[in-house]
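These notes concern the structure reproduced below.
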Amino acid sequence: MHQRTVENSHPDHTHNMVKPIIAPSILSGDFGDLGRDSQQMLDRRADWLHVDVMDGHFVPNLSFGALVIKGLRNKIPKGQAFFDCHMMVSNPSQWVEDVAKAGGDQYTFHYEATDEPEKVIQQIKATGMRAAMAIKPNTPVDVVYPLADKLDMVLVMTVEPGFGGQSFMHDMMEKVTKLRQKFPNLDIEVDGGLGPDTIDTAANAGANVIVAGTSVYKAQDPEQVMDLMRSSVANAIKAA
Ligand code: DX5
Ligand code: ZN
């Protein structure tokens, strides 16, 4: 079994070199046995677990909340897996404490869900979690610029949030390219439709954190798919 170490580094956008991180989305897992499913992904060298929280209001789908994250954390102790919590919720402030107590490592709120992104960032950091911000496909990337120095990661959605199994939106890559140019050492995550067919496009644009649901969970050999995507990102970083 491969053990992963959790890095809870502070944002240091001048000295960190970004690393490839593959984060399978448990949304595509078996909700009857998320603990076993997640452990299998970790055994196959998943770098992070991507945890999709949906409130049925910010997105037209319901998934689960902090109680389920806590249950998962009880099976997979802190330090053995980094929980990358993607909060598709209308009131991001409301769940920060709960997710921190449940064992979340990073809290990604949506820019579209708040009028006070800086406050949410501060609130997240006060708990010790890493703070990240996501933008939906119709949100311009410029909104990120004034906040980037305070963020540990930016998530550029490559589908409309709410469901797995949708097609990758290639035109989102312009946002990733611009972000990478401005912030060479920022973690940039992409989420939606990532797999062997789309990874090179995302990696070459500058994404280093790759969320994948369908392509990993439905694969005959999930480890091979994750390895392939990790290599693609590593090669793009080397070539940059
Ligand atoms: C969609 C979620 C994604 C989803 C990705 O709203 O944020 O994390 O699980 O699934 P795939 O990889 O199947 O597009
Ligand atoms: Zn997600």
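Bear in mind that the values in this text are calculations on the coordinates, not laboratory data. These figures come from a predicted structure and were not determined experimentally. Cβ coordinates were reconstructed from backbone atoms using ideal geometry, including for glycine residues, and neighbour counts include every protein chain displayed.
Observations, loosely collected:
- The count of lysine pairs in the stretch 114-182 whose Cα atoms are under 17 Å apart, excluding pairs fewer than 8 places apart on the same chain, comes to 5.
- Take the Cα of A126, step 7 Å toward its Cβ, do the same at A239, and the gap between the two points is 4.5 nm.
- Basic side chains Lys and Arg get +1 at the Cβ, acidic Asp and Glu get -1 at the Cβ, and with that the dipole of the chain about its Cα centre reaches some 520 debye.
- Annotation: amide H-H contacts under 5 Å for F82 (H modelled 1.01 Å from N, sequence separation of 5 or more, or interchain): L49.
- Among P161, L147, A102 - extreme Cα towards positive end, dipole of the stretch 86-162, charges at beta-carbon: A102
- For L155, the residues whose amide H sits under 5 Å from its own are M133, A134, I135, E189, ignoring neighbours fewer than 5 places away on the same chain, with H placed 1.01 Å from N.
- Candidates L42, Q122, G79 compared by Cα position along the dipole of the chain: farthest toward the positive end lies G79, with charges placed on Cβ.
- Of all DSSP beta bridges confined to the stretch 21-239, the antiparallel ones make up roughly 5%.
- For the stretch 102-110, 3J(HN,Hα) per residue [Karplus equation, 6.51 cos²θ - 1.76 cosθ + 1.60, θ = phi - 60°, Hz, x = Gly/Pro]: 6, x, x, 9, 9, 10, 9, 9, 8
- Gyration tensor verdict on the chain (Cα atoms; rounded if a/c is under 1.5, prolate if a/b is larger than b/c, oblate otherwise): rounded
- Three-way shape label, the stretch 8-126, alpha-carbon gyration tensor, a/c 1.5: oblate
- Neighbourhood charge, 15 Å Cβ-Cβ cut-off, centred on S28 and excluding it, Lys, Arg +1 and Asp, Glu -1: -3
- Convex hull of Cα atoms in the stretch 113-162, direction-averaged projection (nm²): 3.7
- Residue among A132, A102, A46 with the largest mean-square fluctuation in a Gaussian network model of the chain, springs linking Cα atoms under 10 Å: A102
- Residues E118, E223, sorted so that the one with the fewest Cβ neighbours within 10 Å comes first: E118, E223
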